[in-house]
1. Of the residues in the stretch 117-145, how many are touching a residue at least 12 places away in the same chain (Cβ under 8 Å) and either under 15 Å from residue 46 (Cα atoms) or in a strand (DSSP E or B) (or both)?
2. Among the residues of the stretch 119-154, what is the count of those that are within 24 Å of residue 82 (Cβ to Cβ), at pLDDT 95 or above and in contact with a strand residue (DSSP E or B) (Cβ under 6 Å, 6 or more places away or on another chain)?
3. On the given criteria, is residue 38 at pLDDT 95 or above and touching a helix residue (DSSP H, G or I) at 6+ places or on another chain (Cβ under 9 Å)?
4. For the stretch 87-118, which positions are out of contact with any strand residue (DSSP E or B) (no Cβ under 8 Å at 6 or more places or on another chain) and modelled with pLDDT under 95?
5. When both residues are 6+ apart or on different chains and their Cβ atoms are under 7 Å apart, which pairs have a first residue that lies in the stretch 41-52 and is assigned by TED's automatic domain parsing to the domain that holds residue 121, and a second that is buried (at least 18 other Cβ atoms within 10 Å of the Cβ) and in a helix (DSSP H, G or I)?
């Protein structure tokens, strides 16, 4: 009986300290991995994904894209992960330069949305795809790792 009372008291005390510290701003319940916020981790993955696309690093892209990932292109076509990886490997999709800016990550538990803008130079299906575009990536965290499950790209009209 003394053990149960001790354990109940200990649990109540831990919750009370946590609540007090949170109210004083000393504890953040924001998800963290190795001291990095989930938002920072996602922004880093996005930048690494951009670098991988420029380098043609299929292995990296294969790791961060979910098996059922799909991208909706500006012309409305939808490409699967397998199709995009083949296009990059074959050279049909070749990005020679890409600058990413205006990135924002919003995390909702084990789901996240990252938005940004690209200034890109490259070819896709033999056509020049250079210009600016806005994009949205949807991420899911499973087994303690983030994977992109969907991408939508919109072309920014030239002025």
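The values are calculated or read from the model by the stated rules, or taken from the named source; none is laboratory data. Predicted model only: the values in this text are computed from it and were never measured. Here Cβ is always computed from backbone atoms with ideal geometry, including for glycine, and neighbour counts include all displayed protein chains.
1. Total satisfying the criteria: 20.
2. Number of matching residues: 16.
3. No: the conditions fail for residue 38.
4. Scanning the stretch 87-118 gives 89, 90, 91.
5. Here the result reads 45/64; 49/61; 49/64; 52/61, each pair linking the stretch 41-52 to a residue that is buried (at least 18 other Cβ atoms within 10 Å of the Cβ) and in a helix (DSSP H, G or I).
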